[in-house]
1. Give the Cα extents of the chain along the principal axes, in whole Å, largest first.
2. Give the residues of the stretch 2-18 whose amide nitrogen is closer than 18 Å to a point set 7 Å from the Cα of residue 80 in the direction of its Cβ.
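We did not get these values from a lab; they are worked out from the coordinates using the rules stated. These numbers were taken from a predicted model, which means no experiment stands behind them. Note: ideal-geometry Cβ built from the backbone for every residue, glycine included; neighbour counts use all protein chains shown.
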């Protein structure tokens, strides 16, 4: 398990990743770890997947957090996230977008993910767009 986080049930979707202490705005939360896979393996693993724990590094490589992950694979989507992803030297890191309190669920915006554009969002944010990947009613955005 990554330091400073714990996994428990989430009202957003299944399991979530929660802060065990406060994270100040701009502070690194954790690295996203797991198996490094190619775009060919990404395509294979996405077929029929119920849950997706794959995060892109670039157009060829990604990390599958469901294999050797540290709990950060359970960071859920929110249309009003409190964290963001930064890729540095081929590694994926989560940073606090704003101050995060202990026991608060850590979330990022999945707007450009491998989820189907029809995947419903359950974040309950006031600005929720209804789907994870794109704004409903607008084609071509992701």
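1. On the principal axes, the chain reaches 37, 34, 26 Å in Cα extent.
2. The answer is 11-13.
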